[in-house]
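First up is the structure itself, then whatever we jot down about it.
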Amino acid sequence: MAAHPVPIAGADMAEAPLILREARQGVLRLTLNQPQRRNALSEAMMGALRAALDAAARDGETRVIVIGASGPAFCAGHDLKELTAGRAAPDHGRAYFARIMAQCAELMQSIVAHPRPVIADVRGIATAAGCQLVASCDLAIAGRSARFATPGANIGLFCSTPMVALSRNVARKHAMEMLLTGDFISAERAAEIGLVNRVVDNAGMDAAVDELAGRIATKSLMTLKTGKQAFYRQADMALADAYAYTAAIMVENMLKRDAEEGVAAFIEKREPAWRDE
């Protein structure tokens, strides 16, 4: 990745930036950068990450996004001190809580709906909404030191919104075990149940993430966007409806310039020259 991280919009420039931005060869790395607060999804952190993602969607140079974190924690979920302070309002925090939960839901949905593939680079704990963030990404690679939990049941606050992303990534009984016990699972167990794609020794994480992101970044932007959008849309359809929908998508895809170029390049045994259209 680039040698000099760049602060992005949403950060308080008087302090360390909330998000660090590094870009190289079509891969954009966004690093959560509040290790002293375990990279909690405070209102400001969620705003900064959403701003960075929105900017990347408009950036023609970005082909793949990697979300990582500074320090020993990937993300500890919502900022509970911030939420507790909201109880001082006359409505005991109802309006504030509703706004924060809506902001978080919109952030997670923006990752799923993002036109670029998003990879989670997890090297520490990912709990509650932090686990939700991992599950919301299209792909995830975990270091052996990573651990995952949805521990809300332990503090009387069930992880209901993290449950949405978790239950769409792992089998129901595995999801329910995590949600009901609140116990940590290892990186290896997370890979077994499908929460992450693979586990890598911590020393090899940079190379593993760069290799995966780099391979995806060689593809046509049009193709990546088409495929990612279709994947999530068909997932909740009945079988016949899914085939009808994806068949129509294939027809439109075949008519695109990059599909014509890609097929020709395959037949002619040469590298394709993408125009992302």
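The values are calculated or read from the model by the stated rules, or taken from the named source; none is laboratory data. Model, not experiment: these values are computed from the prediction. Reconstructed Cβ throughout: ideal geometry from the backbone, glycine too, with neighbour counts over all protein chains shown.
Could you pull out the residue among Ala113, Ala69, Ala73 that is more than 18 Å from Ala52 (Cα to Cα) and among the hydrophobic types (A, V, I, L, M, F, W, C)? Outline the logic, then answer.
Details: Ala113 fails: more than 18 Å from Ala52 (Cα to Cα); Ala69 fails: more than 18 Å from Ala52 (Cα to Cα).
Answer to the check: Ala73.
Taken over the range 62-103, the criterion of being within 28 Å of Arg116 (Cβ to Cβ) and of a type in the set (Lys, Arg) is satisfied by Arg63, Arg99.
Of the set (1) over 23 Å from Ala98 (Cα atoms); (2) more than 16 Å from the chain's Cα centre (by Cα); (3) part of a loop (DSSP other than H, G, I, E, B), all apply to Asn169 but (2).
In the range 138-148, the count of residues that are part of a loop (DSSP other than H, G, I, E, B), farther than 22 Å from Pro35 by Cα and either touching a residue at least 40 places away in the same chain (Cβ under 8 Å) or of a type in the set (Gly, Ala, Ser) (or both) is one or more.
Would you confirm whether or not the range 19-38 contains a residue that is touching a Phe, Trp or Tyr at 6+ places or on another chain (Cβ under 8 Å) and in a strand (DSSP E or B)? Outline the logic, then answer.
Going through the range 19-38, the residues touching a Phe, Trp or Tyr at 6+ places or on another chain (Cβ under 8 Å) turn out to be 32.
Right, trim to in a strand (DSSP E or B) and you get 32.
Yes: the range 19-38 contains one or more residues that are touching a Phe, Trp or Tyr at 6+ places or on another chain (Cβ under 8 Å) and in a strand (DSSP E or B).
Out of curiosity, is Ala128 surrounded by 18 or more Cβ atoms within 10 Å (Cβ to Cβ), on the phi > 0 side of the Ramachandran plot and among the aliphatic types (A, V, I, L, M)?
Details: surrounded by 18 or more Cβ atoms within 10 Å (Cβ to Cβ): yes; on the phi > 0 side of the Ramachandran plot: yes; among the aliphatic types (A, V, I, L, M): yes.
Here the answer is yes, as Ala128 does meet what is asked.
Every condition in (1) part of a helix (DSSP H, G or I); (2) not assigned by TED's automatic domain parsing to the domain that holds Ala73 is met by Arg275 except one, and the failing one is (1).
Just to check your reading of the model, which residue among Ile65, Ile100 is of a type outside the set (D, E, K, R), farther than 18 Å from Gln36 by Cα, in contact with a strand residue (DSSP E or B) (Cβ under 8 Å, 6 or more places away or on another chain) and assigned to a helix (DSSP H, G or I)?
On the way: Ile65 fails: assigned to a helix (DSSP H, G or I).
After applying the criteria, what remains is Ile100.
Here is the figure for the range 75-97: residues that are surrounded by 13 or more Cβ atoms within 10 Å (Cβ to Cβ), at negative phi and in a loop (DSSP other than H, G, I, E, B) total 2.
Within the bounds of the range 38-52, is there any residue that is among the polar types (S, T, N, Q), assigned by TED's automatic domain parsing to the domain that holds Ser70, closer than 29 Å to Thr218 by Cα and without any contact (Cβ under 8 Å) to a residue 60 or more places away in the chain? So far as the range 38-52 goes, no, none of its residues is among the polar types (S, T, N, Q), assigned by TED's automatic domain parsing to the domain that holds Ser70, closer than 29 Å to Thr218 by Cα and without any contact (Cβ under 8 Å) to a residue 60 or more places away in the chain.
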